[in-house]
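What follows is one structure encoded as structure tokens, with my remarks underneath.
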Amino acid sequence: MSGLTRHTLATAITVTSVLSAAAYADTSATALEPVVVVAPATSDVLTVSTDPRAPRQPIPAHDGADLLKNIPGFSVIRKGGTDGDPVFRGMAASRLNILLDGEMILGGCGMRMDPPTAYVFPEAYDEVVVLKGPQSVKYGAGSSAGVVLFERDAPDFSASAVHGDVSLLAGSADRNDQVAQIEAGSELGYVRLNGTRSDANNYEDGDGNEVHSAYTRWSTNAAVGWTPSSDTRIELSGARSDGEARYGDRTMDGVAFDRSNAGLSFEQTNISPLVNKVEGRIYRNYVDHVMDNYSLRDVSGMYMVSNPDRETKGAALAATLDIAERTQLDIGIDAQRNDHSLRKAGDKMEPNIDSLTRVDDMRFESNGVYAELDHQYTAGSSVHMGLRVNKDEAEDLRSGKDTSGMTDRNTLTSAFLRYEHQLDSVHRLYAGLGHAERAADYWERSKLPAASVNMMGMRVEGTASTFDINPEKTTQLDIGLIHRDDKLQASVSAFYAKHNDYILIETLPDVSVYASNARNIDATTYGLEADSSLRFASNWTSNATLAWVHGSNDSDSEALGQMPPLEGRLGINYDSGRWSSGALWRLVSDQNRVAEGTGNIVGQDIGKTGGFNVFSVNAGYRAMDDLLLTAGIDNLFDVTYAEHISRSGANISGYEQTTRINEPGRTLWLKMQWSFR
């Protein structure tokens with residue numbers, strides 16, 4: 001059914017919970033992870049952990065945002081078939097820190113064609129961890145919404161000197177993925193090699209209309225490790241990736257996403273009774289991104305090309321101290337510098353991009369120091385606190401702006417205090433207060449509201465600049481309850497946040513060309529997430545999730561833009577050990593609280609939306625202990641729908657223009673995974 005109301009969604013969630021509770025009273029089975037993941041559950045206080053290699057529904061992820069959208073509280077701003085921007089609790093972009101093996105990577109495109117998650121290939125990692133809210137200071141400044149960690153485990157060769165994983169996926173729209181990883185080593189060291197490739201053509205929405213959305217992505221990773229003892233590890237790593245992507249929301253496509261990486265890390269444990277661990281890393285990430293309007297679509301008017309790049313260099317040093325029997329202190333320092341440059345052209349003939357000159361436009365530096373303490377009480381309760389101070393600096397290298405040559409310096413403070421109380425053997429209650437400060441990022445500082453169009457149809461930028469906009473400050477309360485036993489795993493978390501100097505992006509009325517502005521406002525957001533997984537009979541599991549967020553622009557007395565609507569998921573799974581099957585019902589309410597033309601650096605509100613629901617099914621067969629086959633049908637009833645926070649559809653020759661970028665219609669997929677140990 002379409003146009004689903006909040007009342008209907010709440011009723012469905014409530015009925016499922018009641019049925020689950022009734023079944024819970026009559027069973028004593030042990031809970032197991034489902035073969036196909038439909039909604040990763042809370043694993044610890046304010047923490048969600050998931051295996052990025054596990055098959056999941058909707059169709060297994062090909063980039064970072066595609067994986068995160070399965071976690072309650074996350075949404076994705078759709079642009080095309082790939083490279084969507086993740087949104088958590090209504091917060092997007094720099095409010096959500098993304099780290100790859102402890103390293104920061106930042107995109108180059110001024111219109112967010114390549115967010116950090118565009119350079120993430122999920123199956124190249126062993127674990128993805130989401131930390132909700134400003135409840136840690138170890139992972140950089142400004143993470144008011146939270147932190148996402150894509151992590152690789154240290155190899156273990158105790159059972160075998162060589163092991164690896166291979167997976168193949170085929171699906172609708174000619175989707176085909178290949179992933180391979182091999183690790184070889186001994187107690188003295190190891191070598192790890194990884195490669196991924198994902199390719200798809202344009203998909204069709206539920207009405208059979210083709211969406212300009214095809215893409216190709218590939219990545220390679222290599223690492224060499226030296227482990228002279230069980231307590232010492234030194235690793236040298238490198239990565240290279242590239243791709244191309246068609247976008248249905250704009251006048252250009254991405255024809256290059258070239259990323260190169262080099263990193264060196266070390267870890268030493270069990271140093272002394274006081275010093276439990278010391279670890280450090282240095283790294284360099286470089287992205288060279290090209291977009292144009294002629295390589296992947298028919299040219300309309302002038303040829304246009306833009307080639308931004310960004311180099312990010314970073315270093316970090318941290319130590320874990322056992323200062324008492326039940327008290328642990330993490331201390332650390334970190335530094336980061338990134339330089340952004342741009343070259344672009346527009347002409348009646350195809351430009352020669354190699355003949356263009358790069359011009360540096362902004363430079364950023366950040367240096368931080370932090371301390372985070374954890375104390376465990378004898379009854380299982382605990383207290384956690386942390387403090388971080390960052391010196392942040394940004395320099396405007398552009399010419400012809402009213403801020404040209406300006407250096408903006410800020411001292412940013414982040415802190416939190418959280419208490420966790422173990423009520424009994426299965427219930428844990430927590431409450432935490434956190435504060436995060438975030439300086440404006442490249443996209444927010446580069447908004448150019450003053451613009452016009454010359455005789456050749458090209459945008460002429462004015463001198464106005466938002467470079468020196470105030471830092472954003474968020475203070476947030478997080479509370480929640482976790483239940484864990486052999487049959488039922490459930491959690492509920494709620495938050496309330498006050499945002500001072502929230503950086504709002506708004507479109508401006510301009511008869512000649514699209515223009516946007518960044519300005520500071522005061523805002524309030526609050527909401528909740530809930531999830532449950534119940535083993536209600538032998539081989540049978542049910543799960544339910546709920547996510548809701550409410551945002552207000554207090555300065556203008558209106559809704560805060562780009563807030564996703566109420567969403568719930570209901571699932572049921574059967575797993576005999578050899579065969580498995582499951583169904584997922586995703587229910588999304590309407591969204592009537594909008595502020596058209598306002599939002600974040602990724603997108604602004606287009607208007608109100610009605611609700612929708614999507615039903616999907618999956619099945620699996622474990623042919624051998626190390627060979628798993630899974631398959632699924634997403635959007636079984638071929639519903640035509642678009643996410644509320646989707647980008648608006650562009651007028652592209654050969655394609656029907658839509659208000660938003662419609663989601664894929666009925667999608668079939670088949671995945672094979674083989675592991676050897």
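The values are calculated or read from the model by the stated rules, or taken from the named source; none is laboratory data. What you see is a predicted model; the values in this text were computed from it and never measured. Using ideal geometry, Cβ is built from the backbone for each residue, glycine included, and neighbour counts are taken over all protein chains shown.
List of remarks:
- Of note, ALA631 does not satisfy the criterion of being assigned to a strand (DSSP E or B) and without any contact (Cβ under 8 Å) to a residue 40 or more places away in the chain.
- Qualifying residue in the stretch 264-283 (condition: at positive phi and at pLDDT below 95): no
- Summed over the stretch 358-382, the residues that are among the aromatic types (Phe, Trp, Tyr) and farther than 16 Å from TYR430 by Cβ give a count of 2.
- Residue within the stretch 346-356 that is in contact with a strand residue (DSSP E or B) (Cβ under 7 Å, 6 or more places away or on another chain), surrounded by fewer than 15 Cβ atoms within 10 Å (Cβ to Cβ) and of a type in the set (Asp, Glu) present: yes
- Filtered residue count, the stretch 626-666, keeping only those that are more than 23 Å from the chain's Cα centre (by Cα) and on the phi < 0 side of the Ramachandran plot: 23
- For beta carbons closer than 6 Å, sequence separation of 6+ or different chains, a first residue in the stretch 548-561 that is within 17 Å of GLN604 (Cβ to Cβ) and a second that is among the β-branched types (Val, Ile, Thr), the qualifying pairs are GLY551/THR525; SER552/THR524; ASN553/ILE521; SER555/ILE521; ALA559/VAL594; GLY561/THR598.
- Checking each residue of the stretch 319-336 against the condition of being out of contact with any helix residue (DSSP H, G or I) (no Cβ under 7 Å at 6 or more places or on another chain), buried (at least 19 other Cβ atoms within 10 Å of the Cβ) and either farther than 27 Å from LEU99 by Cβ or of a type in the set (D, E, K, R) (or both) gives at least one match.
- Against the test of being more than 30 Å from ASN618 (Cα to Cα) and either in contact with an Asp or Glu (Cβ under 8 Å, 6 or more places away or on another chain) or buried (at least 23 other Cβ atoms within 10 Å of the Cβ) (or both), the options LEU560, LEU534 yield a single qualifying residue, LEU560.
- Scan of the stretch 546-587 for residues that are closer than 30 Å to LEU627 by Cα and assigned to a loop (DSSP other than H, G, I, E, B), ordered by number: SER576, GLY577, ARG578
- Residue, nearest to ASP330 (Cα to Cα), within the stretch 372-410, restricted to residues that are in a strand (DSSP E or B) and in contact with a Phe, Trp or Tyr (Cβ under 6 Å, 6 or more places away or on another chain): GLY386
- Of note, LEU296 satisfies the criterion of being at pLDDT 95 or above, crowded, with 18+ Cβ neighbours inside 10 Å, outside any strand (DSSP E or B) and not charged (D, E, K, R).
- For the stretch 274-333, the set of residues classified as under 24 Å from ASP242 (Cα atoms) and of a type in the set (Asp, Glu) consists of ASP288, ASP292, ASP298, ASP309, GLU311, listed by residue number.
- Here ILE323 meets each of (1) assigned to a strand (DSSP E or B); (2) of a type outside the set (Gly, Ala, Ser); (3) within 29 Å of the chain's Cα centre (by Cα) with one exception, condition (3).
- Sole residue being within 24 Å of THR327 (Cβ to Cβ) and at pLDDT 95 or above, chosen from MET406, MET385: MET385
- Flag for GLU395 being among the acidic types (Asp, Glu), more than 27 Å from the chain's Cα centre (by Cα) and farther than 27 Å from SER491 by Cβ: yes
- Unmet criterion (only one of (1) at pLDDT 95 or above; (2) in contact with a helix residue (DSSP H, G or I) (Cβ under 8 Å, 6 or more places away or on another chain)) for VAL602: (1)
- All of (1) assigned to a strand (DSSP E or B); (2) more than 30 Å from ASN662 (Cα to Cα) hold for GLY243 with one exception: (2).
- Residue within the stretch 208-215 that is of a type in the set (Phe, Trp, Tyr), more than 27 Å from ASP153 (Cα to Cα), touching a residue at least 40 places away in the same chain (Cβ under 8 Å) and not in a strand (DSSP E or B) present: no
- For the criterion of being at pLDDT below 95 and farther than 18 Å from TYR125 by Cβ, THR251 passes.
- All conditions but one from (1) of a type in the set (Gly, Ala, Ser); (2) in a strand (DSSP E or B); (3) under 30 Å from ASN553 (Cβ atoms) apply to SER616; the one that does not is (3).
- Boolean, ALA145 is among the hydrophobic types (A, V, I, L, M, F, W, C), within 30 Å of SER648 (Cβ to Cβ) and in contact (Cβ under 8 Å) with a residue 60 or more places away in the chain: no
- Taken over the stretch 128-156, the criterion of being in contact with a Ser or Thr (Cβ under 6 Å, 6 or more places away or on another chain) and within 30 Å of PHE676 (Cα to Cα) is satisfied by VAL128, VAL129.
- The stretch 515-533 residues that are among the aromatic types (Phe, Trp, Tyr), paired with ones that are surrounded by fewer than 20 Cβ atoms within 10 Å (Cβ to Cβ) and assigned to a strand (DSSP E or B) (beta carbon under 7 Å, 6 or more apart): TYR526/TYR496; TYR526/HIS550
- For the stretch 416-510, the strands (runs of 3 or more DSSP E) that sit wholly inside it and include 3 or more residues that are within 30 Å of THR47 (Cβ to Cβ) and either modelled with pLDDT of 95 or more or touching a strand residue (DSSP E or B) at 6+ places or on another chain (Cβ under 8 Å) (or both) are 427-438, 472-484, 488-508.
- Filtered residue count, the stretch 588-611, keeping only those that are small (Gly, Ala, Ser) and in a strand (DSSP E or B): 1
- Lone qualifier among GLU187, GLU210, GLU204 - being surrounded by fewer than 17 Cβ atoms within 10 Å (Cβ to Cβ), farther than 22 Å from ASP165 by Cα, out of contact with any Leu (no Cβ under 9 Å at 6 or more places or on another chain) and charged (D, E, K, R): GLU210
- Scanning the stretch 38-55 for residues that are within 17 Å of the chain's Cα centre (by Cα) and not in a loop (DSSP other than H, G, I, E, B) turns up THR42, THR47, VAL48, SER49, THR50.
- In the stretch 343-371, of all residues being of a type in the set (Ser, Thr, Tyr) and assigned to a strand (DSSP E or B), the one that is nearest to GLY107 (Cα to Cα) corresponds to SER366.
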